[in-house]
Every structure is written in C-alpha cells, then in structure tokens.
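What follows is one structure encoded as structure tokens, with my remarks underneath.
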Amino acid sequence: MENFGNLMDGFRIAASGYHVVIMVAGVLLGILVGVLPGLGAPNGVSLLLPLTFTMDPVSAIILLTSMYWGALFGGSTTSILFNIPGEPSSVATTFDGYPMARDGRATHALTLAFLSAGTGALFGVAVITGLSGWVTQFALKFSSPEYFAVYLLVFASFVGMGNASPFKTVVSMMLGFAVATIGVDTISGNVRLTYGIPDLVKGISFLVAVIGLFGLGELLQTMEEGLRFEGIHARISPREVLKTALTLPRHWVTLLRSALVGCWMGITPGGPTAASFMSYGLAKRFSRRKEGFGKGEPDGVVAPETADHAAGTCAILPMLALGIPGSATAAVMMGGLMIWGLTPGPMLFIERPDFVWSTIASMYLGNVIAVILVLATVPMFAAILRIPFSIIGPMIVVVCFVGAYTVSGARLDLWFALAFGIVGYLLKKLDYPIAPMVLAMILGDKTEDAFRQSMLMSKGSMSVFYSNPLVGTITTLAILLLLWPLLSRALQAARKRPAAGGNPAR
C-alpha cells in the first residue's frame, strides 16, 4: 500500500506536461539511435548525458530512460525490415521477424514485436514497483564493508553469471580498473599515473571511453562488414494493428515465460541480449510448431521481444537500489547519477524518494508512449536506412567526436575517444565483453574507497567482511559467484568419472 502511494506521487511528477514532452523527445531520439547501426543505446545515452548536466536529476533520468526504451524499439524495427539488428539484444528477433516480413507479413511482425515488447516492459516495471519498497529495509544497515561486499558481488556476478568467458570478463574488468586509477586518489589526495600530463589529473571520463568503445568501435566493425541496407518496405495499417493486437492473448504462455526470464536476467547481470536468446530457445523447445521457427513463427518474435524489454526495464532496479547495473546502458546511466550528485544504493530510496518513484512512474508512461510512437514512425525511420552508409557513417563519427569534446572541452578527449574506439573494435573482434570494463571504470574508485575505509575501520583485518550476518552473507555469495566457473567444471568432471567407471572393460 505504501508503494502504491509512492507511485502515485511519482506519477504526479512524471505526468507533467514538461516531462511528457521530454519522454516524447527521448523516445524519438532513441528510435533513431536504435535504427542507426554503429550507435546503440549505451552510446546514445552517453552522447546525451552532457546535455543533462544543467537539468534537474528527475528530468534528466526521464530523458535518458526514454531514449533507452526508444533504442530498444528501434533495434526491433531494423531486425524485422532489414535483417540488421540495431541492438545486440535484437539479434534473436531477426530469426523469425525478417522471414515474416519477407513473406508479406511485415505489419503483423512489427505490431507483434512492439506489443510484446510493451507487455514485457510493463511487466518489468510492475516487478520493480513491487520490489522497491523492500529495498529500503536495508538502507540503514549499510556501511563501508557492506558497500564493498556489494561491489564485489557486482563484479563476481559478471564472472559467474555472465554469458562471456570468465577469463575474458576478468581481463575486461582489469582494463577498466586500470583506467579508473588514473587521476587523484580520493583517500590520500595523491596524484597517480598522470605521467606529468595536467589533463590526466581529473582522470579519464567514462563518457569519453563509452563513446569510443560503443560508438567508434561499433562503427569500425560495421565498416569492416561492408553493411548494405536493402530492406522491405512497410506501411502500418491501423486495421492490421488492431487485428494483430487481438491475436496477442493467444501467446500468453510465451509472454509470461519470456517476461519472467527477462526480469531475472535484468536483475542479474545477464542482460537483455542473453534474455532474448534464452527466451527464444525456450519458446522453440516448448512449442508445438518447432519446425516453423526460423521460417516466420510468431512465437519466435514474441519471445525475444518480451524478454528483451523486461530485462531492459528490470536492469534499472539493481542500478538504483544497489549500484549494480544489469546492462551496459544501465551502467552508463549510473555514471550519470553520480555526475548529478546522486549515489546509487539503498540510501537513494530514503534520501531521494521523489527521484526514485518519479523514475519508476515515468517507466510506465515512457513505454506506452514508445509503443505508440514507434508504430506511427516506422516508415520514416525505415527510410533513413536507405541513405547510403557512406553518408551515415561520417555523420556518426562527427556526432561521436562532438559528444566527446562536449564532456570537458579538452582536445585530449578526442584522442582518448579514438583510442577507446580502437580498443572497442579489438575487444569485439576478440569476443571480449565491454560492459564489465565500463562498469569497472565507473565503480573502480568507489570500490577502492570502500575497501580502504573498511581496512581503516578494522585496522587491516579482513574479518570486517564477516563482522555481521548481512556483510558475511553478501561476501560469501560474491566469493561463490567468483569461483562458480571453477566449481561448475569440477562438478561436471566429478559426474563424468562415475559414468566412465560404471562400464568396466570385460
């Protein structure tokens, strides 16, 4: 009941005319970002962040989250019409979405995708609403050891539960930690790793790094692939939209299962991409029409889209409540919160309930607006992809460099953006995850500060991380997740031995 009252207060803030206009603008920008390959939601949010520095934090987060929803929908548009996933999480949608469009069912596929995505998103926001009040119970129990344990849990969960190689995940994190150490040590005040360069005293902005890693890095890979845009023309008919909407309840089992998978993968660091592939696999596994998957099966569109958006929305909860971003875009948003003077974590729910609940309320409104706008603007945004990439590519490069320079007005940031672009390209080519690196850059200082403060509290004793049941439980869980890849291999080896020994040679 308390959550409902808080949510109503949030709606009173989020539903103001000014914020609705911000939502519309953010969604339209997000659709454009999602449609254009080489940008993507993390880079789009990072490019928009400098514009929010003078805004109220509530308005700023509404703008960024609205762009996020729009980018997810934009990625679905290109997946279905052009067989080009605008977002990594939209790859699974191409498997059946593009065959449906190619068979003359483009409107049906697009409507089914957008309505499924909206359903998954609203389900995810409902989960956030239900869990948010529970988070505040832990707010006053946190001190430096608890915060370090949570940060350790964040990094360990990427190692133990991520879909990339644990070794590659650790390497990516170490690169991020190395970048985070550059500048002023916040505990001692000493300057480190600046090599006599004055511009490095302030450190390397994570925004510049993200623009390079996601924007320029993705663009380099796109150029290498020689992408050509040859899509299917589609017009959205209101009658066809209504007819498709009436068929949506037939997919209720797929919708519910995919929404649950998406929520779980969003709250954990699995992320929207893993959620969409997992839901597609489950839909195919339990479908009575397995042979239709890959040839234009509607469930093959419903499953990944529902899971993708449920995961995208649920990724916001751990970012706000614990400082654990469930996706790369959530990690960039978390950096924005720190720039605005807000500290993600349980205390945020007590110190700034207006911010938290207006953000949650805007997620309901923003996703509804996104569904309406994306249905209305599909032909316009699809036409953009018919512009030659030789024109779009240079425009994206200019936008990225302008965004990097806007952060602090330093020329050195342009070189950093280029350097991180090359690093991002190499990481993608070698199949190293980028999100852990971005996370380490954002949380590196805070993790180090929490650890050193904990050591000062305990006079150097590591037992402080088991000084009470809460910190002990979190620390133990973090260690288990960190060691999980090794433990799972050991368990698999143990299972194989009895099987091998059970058939002795005669």
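The values are calculated or read from the model by the stated rules, or taken from the named source; none is laboratory data. Since we're looking at a predicted model, the values are computed, not measured. Here Cβ is always computed from backbone atoms with ideal geometry, including for glycine, and neighbour counts include all displayed protein chains. For the accessible areas, the whole protein counts, side chains as well, though only heavy atoms, and no ligand, DNA or RNA atoms are used. Shrake-Rupley method; radii C 1.70, N 1.55, O 1.52, S 1.80 Å.
Per-structure values
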| item | result |
| --- | --- |
| DSSP H segments from the chain that extend 24 Å or more along their own axis, Cα-based, with Kyte-Doolittle mean of -1.0 or above | 17-35, 57-82, 106-135, 144-161, 353-384, 389-408, 411-429, 435-458, 469-501 |
| Order by protection proxy (mean Cβ within 10 Å, highest first), peptides 65-76, 254-265 | 65-76, 254-265 |
| Extreme residue, positive dipole direction of the chain, given options Gly212, His251, Thr181 (C-beta unit charges) | His251 |
| The chain - percent of accessible surface contributed by carbon and sulfur, probe 1.4 Å | 67 percent |
| Equivalent ellipsoid semi-axes - Cα gyration tensor, the chain, angstrom | 35, 28, 25 |
| Hits among lysines - C-alpha to C-alpha of Lys284 under 27 Å, sequence gap 8 or more where chains match | Lys243, Lys295 |
| Under 5 Å, built H, 5+ apart or other chain: amide partners of Gly183 | Arg192, Thr194 |
| Spatially proximal aspartates and glutamates relative to Lys202 (Cα-Cα < 18 Å; intrachain offsets below 8 disregarded) | Asp185, Asp413, Asp445, Glu448, Asp449 |
| Candidate lysines - alpha carbon under 21 Å from Lys168, same-chain residues fewer than 8 apart omitted | Lys428, Lys429 |
| Packing-based order for 102-113, 463-474, using average beta carbon neighbours within 10 Å, highest first | 102-113, 463-474 |
| Given charges at Cβ of Lys, Arg, Asp, Glu: the chain dipole, positive-most of Gly262, Thr129, Ser461 | Gly262 |
| Residue-count net charge about Leu412 - beta-carbon cut-off 13 Å; Lys, Arg +1, Asp, Glu -1 | 0 |
| Helix-only mean residue ellipticity at 222 nm for the chain, each DSSP H run of n ≥ 4 adding -39500 (n - 2.57), per residue, nearest 500 | -24000 deg cm²/dmol |
| Per-selection metrics, the range 358-464 (Cα): Rg and Dmax in Å | 21.6, 64 |
| Taking all pairs of distinct alpha-carbon atoms in the range 281-347, Kirkwood radius in angstrom | 13.9 Å |
